[in-house]
Amino acid sequence: MNKLNTFYNEIKNYNWKEVAKQIHSKQQSDVLTALKKEVLTLSDFQALISPAAQPFLEIMAEKSMHLTRERFGNTIQMYIPLYLSNYCSNACVYCGFNHTNEINRTILTLEQVNLEAKYLKSLGFEHVLLVTGEDNKHCDLAYIRLVIEELKRHFALVSAEIQPLDAEEYTSLIEAGLNSVYVYQETYNQSNYKKYHPKGRKANYQYRLETPDRLGEANIHKIGIGCLLGLEDWRVDSFFTALHLQYLERKYWQSKYSISFPRLRPNAGSFQPNSVTTEKDLVQLICAYRLFNQQVELSLSTRESPKFRDHMLKLGVTAYSAGSKTNPGGYFCNKESLEQFSVHDNRSSNEVAQIIKGAGFEVVWKDWDNIMQ
């Protein structure tokens, strides 16, 4: 990969404080201009996530709902995370898997993976998202590849949220059946990044930032990006996420893209958010993304409350997790292991599916078929 031709090189053209000033100086006239457009610029996106847009939230929501239905129809994709391991070499101050936390570490055997998979399959899921702590010693490439090969026997679609890898390593996992990879920069504020990630491979801001570039080079089917809401000003981090998305779509146009909206939840480290993102803020952000990009998939996890998730069904979100456990073996094999974060929506997948159907949507358990199989 040409190091001079990555997003790291592009983001150098932007200054965090200057972007913050641009966003917070937007006027209602800028918002009205953006709302009249069919194709939005990054400046328009700044207006829609600015404080000046708050009085127009109802208009944004209505337009977001229309654009989402126009592009995605009345469908909501369902997926479920499968945690493989809580071993981690990083020391992220906000995460329960932080390697300095005194917790019992575990990694699922292939036999346990199969038991978890059979249980999830019995619930109707066809899309499983593999999640691990970032640890190349206990949860290395060979292990992840074996798990993917095993799970492809059960599921139509296997995604992963794992430690960042090199392009050739991603190619190996794609050959094994991997469909999508989700990797979150957490914060694009390079000046403060190190204080949240003081140790481990994740402390390397540039290597993590260039992970989607390596995924694009590996021709992955879908790339998921996002920031961790609660570390820095959500408006500024979200602008840089939008900038990243625009760059990726332009350069790696063959891949699909998704945005997730993780808000900080309680964990073993008891880290408190530095910047509060309210539910109203999150509604504004999701609608702004939909107006900015009609093609991108927007995903909402069980970090959010049942009431909020039900409300967001019609406002732009296209993918939901349900019945989630955030601990290795949490569904069947090891229900007492430590959670990465506490789940807010504890409803079963069937309950969530019924809510979705009751709102007039079709529940989609998988969203594509591999024509090569």
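The values are calculated or read from the model by the stated rules, or taken from the named source; none is laboratory data. The model shown is predicted, which means the values in this text are computed figures rather than measured ones. No Cβ is skipped: glycine too gets one built from the backbone with ideal geometry, and neighbour counts run over all protein chains shown. The accessibility values were calculated without ligands, DNA or RNA, using every heavy atom of the protein model including side chains. Shrake-Rupley method; radii C 1.70, N 1.55, O 1.52, S 1.80 Å.
Just wondering, is there one or more residues in region 107-124 that are buried (at least 17 other Cβ atoms within 10 Å of the Cβ) and of a type in the set (Lys, Arg)?
no
Working only within region 198-214, note down all residues that are open to solvent by less than 10 Å² (accessible area, probe 1.4 Å) and assigned to a loop (DSSP other than H, G, I, E, B).
Glu210 - this is the single residue of region 198-214 that is open to solvent by less than 10 Å² (accessible area, probe 1.4 Å) and assigned to a loop (DSSP other than H, G, I, E, B).
In the set Tyr83, Tyr87, which member is assigned to a strand (DSSP E or B) and hydroxyl-bearing (Ser, Thr, Tyr)?
Values: Tyr87 fails: assigned to a strand (DSSP E or B).
Only one candidate qualifies: Tyr83.
May I ask you to list the residues in region 32-73 that are farther than 13 Å from Gly316 by Cα and among the basic types (Lys, Arg)?
Lys36, Lys37
Mind checking which residues of region 164-209 are of a type in the set (D, E, K, R) and more than 24 Å from Leu298 (Cβ to Cβ)?
First pass over region 164-209, keeping only residues of a type in the set (D, E, K, R): 166, 168-169, 175, 186, 194-195, 199, 201-202, 208.
Matches in region 164-209: Asp166, Glu168, Glu169, Glu175, Lys194, Lys195, Lys199, Arg201, Lys202.
Taking the residues in region 147-171 that are farther than 30 Å from Ile76 by Cα and either assigned to a helix (DSSP H, G or I) or at pLDDT below 95 (or both) as candidates, determine which candidate is farthest from the chain's Cα centre (by Cα).
Glu168
Would you be able to tell me the number of residues in region 133-161 that are among the polar types (S, T, N, Q) and either touching a helix residue (DSSP H, G or I) at 6+ places or on another chain (Cβ under 9 Å) or open to solvent by 10 Å² or more (accessible area, probe 1.4 Å) (or both)?
Of all residues in region 133-161, those among the polar types (S, T, N, Q) come to 136, 159.
Right, trim to either touching a helix residue (DSSP H, G or I) at 6+ places or on another chain (Cβ under 9 Å) or open to solvent by 10 Å² or more (accessible area, probe 1.4 Å) (or both) and you get 136.
Residues in region 133-161 being among the polar types (S, T, N, Q) and either touching a helix residue (DSSP H, G or I) at 6+ places or on another chain (Cβ under 9 Å) or open to solvent by 10 Å² or more (accessible area, probe 1.4 Å) (or both): 1 in total.
Taking region 360-373 as the search range and keeping residues that are under 24 Å from the mean Cα position of the chain (by Cα) and modelled with pLDDT of 70 or more, which one is farthest from Phe155 (Cα to Cα)? Reasoning before the result, please.
Filtering region 360-373 down to residues under 24 Å from the mean Cα position of the chain (by Cα) leaves 361-370.
Going one step further and asking which of them are modelled with pLDDT of 70 or more, we end up with 361-366.
Working: Phe361: 23, Glu362: 20, Val363: 16, Val364: 14, Trp365: 10, Lys366: 9 Å.
So, considering only residues that are under 24 Å from the mean Cα position of the chain (by Cα) and modelled with pLDDT of 70 or more, the one farthest from Phe155 (Cα to Cα) is Phe361.
Consider Tyr184 carefully, then state whether it is open to solvent by 10 Å² or more (accessible area, probe 1.4 Å), under 14 Å from the mean Cα position of the chain (by Cα), at pLDDT 95 or above and not basic (Lys, Arg). Walk me through how you get there before you give the answer.
Working: open to solvent by 10 Å² or more (accessible area, probe 1.4 Å): yes; under 14 Å from the mean Cα position of the chain (by Cα): yes; at pLDDT 95 or above: yes; not basic (Lys, Arg): yes.
Yes; evaluated as a whole, the condition is true for this residue.
From the list Leu141, Leu146, Leu157, Leu151, which one is of a type in the set (A, V, I, L, M) and touching a Phe, Trp or Tyr at 6+ places or on another chain (Cβ under 9 Å)? Full working, then the answer.
Working: Leu141 fails: touching a Phe, Trp or Tyr at 6+ places or on another chain (Cβ under 9 Å); Leu146 fails: touching a Phe, Trp or Tyr at 6+ places or on another chain (Cβ under 9 Å); Leu151 fails: touching a Phe, Trp or Tyr at 6+ places or on another chain (Cβ under 9 Å).
Only one candidate passes the filter, namely Leu157.
Go through Ser275, Ser301, Ser238 for me and flag whichever is in contact with a Leu (Cβ under 9 Å, 6 or more places away or on another chain) and open to solvent by 10 Å² or more (accessible area, probe 1.4 Å). Before you say what the answer is, go through the steps one by one.
Details: Ser301 fails: in contact with a Leu (Cβ under 9 Å, 6 or more places away or on another chain); Ser238 fails: open to solvent by 10 Å² or more (accessible area, probe 1.4 Å).
Of Ser275, Ser301, Ser238, the one residue that is in contact with a Leu (Cβ under 9 Å, 6 or more places away or on another chain) and open to solvent by 10 Å² or more (accessible area, probe 1.4 Å) is Ser275.
Do we have any residue at all in region 188-197 that's touching a Phe, Trp or Tyr at 6+ places or on another chain (Cβ under 7 Å), open to solvent by less than 50 Å² (accessible area, probe 1.4 Å), farther than 30 Å from Val19 by Cα and touching a residue at least 24 places away in the same chain (Cβ under 8 Å)?
Within region 188-197, none of the residues are touching a Phe, Trp or Tyr at 6+ places or on another chain (Cβ under 7 Å), open to solvent by less than 50 Å² (accessible area, probe 1.4 Å), farther than 30 Å from Val19 by Cα and touching a residue at least 24 places away in the same chain (Cβ under 8 Å).
Considering only region 235-252, state which residues are farther than 13 Å from Ile223 by Cβ and among the aromatic types (Phe, Trp, Tyr).
Matches in region 235-252: Phe239, Phe240.
Quick one: would you say Phe125 is in contact with a Phe, Trp or Tyr (Cβ under 9 Å, 6 or more places away or on another chain), of a type in the set (Phe, Trp, Tyr) and more than 22 Å from Lys202 (Cβ to Cβ)?
Values: in contact with a Phe, Trp or Tyr (Cβ under 9 Å, 6 or more places away or on another chain): yes; of a type in the set (Phe, Trp, Tyr): yes; more than 22 Å from Lys202 (Cβ to Cβ): yes.
Here the answer is yes, as Phe125 does meet what is asked.
Being open to solvent by less than 10 Å² (accessible area, probe 1.4 Å) and outside any loop (DSSP other than H, G, I, E, B): is that true of Leu130 here?
Working: open to solvent by less than 10 Å² (accessible area, probe 1.4 Å): yes; outside any loop (DSSP other than H, G, I, E, B): yes.
Answer is yes for this residue.
Check region 215-230 and report whether any residue there is open to solvent by less than 10 Å² (accessible area, probe 1.4 Å), assigned to a helix (DSSP H, G or I) and at pLDDT 95 or above.
Within region 215-230, one or more residues are open to solvent by less than 10 Å² (accessible area, probe 1.4 Å), assigned to a helix (DSSP H, G or I) and at pLDDT 95 or above.
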